[in-house]
Amino acid sequence: MSTSPEFLLFPASAAFANAHAPLSPSSAFRWTACPISPRLARTLPSPPAGDAAKAGTLLHSTFERKLYGGPGLQPAEVAELERFGVRQTLAVSILDAGIEATQALLKQHNIRHIALETRVDPGAAIGRSDFWGTADLLGANEEEKTLVVLDFKTGRHPVAVQDNLQLLSYALGALDTITFEPERIVLAIVQPVAFGAVAQTQSITLDVLERFSEWIGVRAFATDDPTAQPQPSAEACRFCPARSLCPAENFMKEISMT
């Protein structure tokens, strides 16, 4: 694999390595459903990362290193994962299956140029400066007009690729990182614990992204409304960082009991 300088236009910088956009792609499922949630969350300090998140970050960095031909887990990393509650056998199986699934997908679509941990700016497409994120992997095949947008997940809860708002957001932002207009955009989730060594994919066309841009643009600007009211739901509320401040507290307590 190689990374084309013309393709890797916006690599994630150290300044954004640990930053999160107010309207992040990974939380789009929440703020598109409940426009008050970002405003409430901004009043709270960022919660510390838990062991699962720390383990996921370490596995991501090793995954990227291996994709670029580097070594696998090092002894210090194994020890750190053990402290986070992840056994070496599980970590190795996640990485091996993740690499296998990713390489098979890239081969299927004749992808020769990839970019890892790339900052993408979907907000630019809808006039927002607070809507951006970092894509795990972007792959480009200019000859076949194909763009691959892949997210590597290390958790156990299966994440569906179909109409995935995080991937659609990354894809929208990724359009500005390539020098051609894609005819096929492949959204992919590689989640070894849930799906083994097989990438879950959805192929879309540019017109789908155009409709998505309009749809999410309306919902992004709805978060600016100072009169917005909570729109509680099981999915949006379960891990909302603003639970303690939300007027829908009673509903959220019911969710936590289920």
With respect to Leu138, is the statement that it is modelled with pLDDT of 95 or more, touching a helix residue (DSSP H, G or I) at 6+ places or on another chain (Cβ under 6 Å), surrounded by fewer than 22 Cβ atoms within 10 Å (Cβ to Cβ) and not in a helix (DSSP H, G or I) true? no
As an exercise: evaluate Pro38 against (1) part of a loop (DSSP other than H, G, I, E, B); (2) in contact with a helix residue (DSSP H, G or I) (Cβ under 6 Å, 6 or more places away or on another chain) and give the number of the one condition it does not meet. (1)
Quick one: what pairs do we get from segment 25-51, first residue β-branched (Val, Ile, Thr), second exposed (fewer than 12 other Cβ atoms within 10 Å of the Cβ), C-beta under 8 Å, 6+ apart or different chains? Ile36/Gln229
Failed condition for Thr154, given (1) touching a strand residue (DSSP E or B) at 6+ places or on another chain (Cβ under 9 Å); (2) assigned to a loop (DSSP other than H, G, I, E, B); (3) among the polar types (S, T, N, Q); (4) buried (at least 22 other Cβ atoms within 10 Å of the Cβ), with all others met? (1)
In segment 229-248, which residue that is assigned to a helix (DSSP H, G or I) and within 23 Å of the chain's Cα centre (by Cα) is surrounded by the most Cβ atoms within 10 Å (Cβ to Cβ)? Cys237
Restricting to segment 54-100, name every residue that is aromatic (Phe, Trp, Tyr) and surrounded by fewer than 17 Cβ atoms within 10 Å (Cβ to Cβ). Tyr68
Do we find a residue being surrounded by fewer than 15 Cβ atoms within 10 Å (Cβ to Cβ) and acidic (Asp, Glu) anywhere in segment 43-51? yes
Looking at segment 8-22, can you tell me whether even one residue there is more than 25 Å from Phe239 (Cα to Cα), of a type outside the set (Phe, Trp, Tyr), modelled with pLDDT of 95 or more and part of a loop (DSSP other than H, G, I, E, B)? no
Enumeration of residues in segment 199-228 that are assigned to a helix (DSSP H, G or I), β-branched (Val, Ile, Thr) and closer than 30 Å to His109 by Cα: Val208, Ile216
Could you check, for segment 165-173, whether at least one of its residues is in contact with a Ser or Thr (Cβ under 8 Å, 6 or more places away or on another chain), over 21 Å from Ile111 (Cβ atoms) and either at pLDDT 95 or above or crowded, with 20+ Cβ neighbours inside 10 Å (or both)? yes
Looking at this structure, is Val161 touching a His at 6+ places or on another chain (Cβ under 7 Å) and either β-branched (Val, Ile, Thr) or more than 15 Å from Asp136 (Cα to Cα) (or both)? no
For segment 67-77, which positions are of a type in the set (A, V, I, L, M, F, W, C) and over 26 Å from Ala115 (Cα atoms)? Ala76
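Table: residues versus (1) modelled with pLDDT under 95; (2) within 21 Å of the chain's Cα centre (by Cα).
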{"residue": "Thr177", "(1), (2)": "yes, yes"}
{"residue": "Pro182", "(1), (2)": "no, yes"}
{"residue": "Val198", "(1), (2)": "no, yes"}
{"residue": "Ser203", "(1), (2)": "no, yes"}
{"residue": "Glu214", "(1), (2)": "no, yes"}
{"residue": "Thr227", "(1), (2)": "yes, no"}
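The values are calculated or read from the model by the stated rules, or taken from the named source; none is laboratory data. From a predicted model like this one, the values you see are computed outputs, not experimental measurements. Virtual Cβ from ideal backbone geometry, glycine too; neighbours counted across all protein chains shown.
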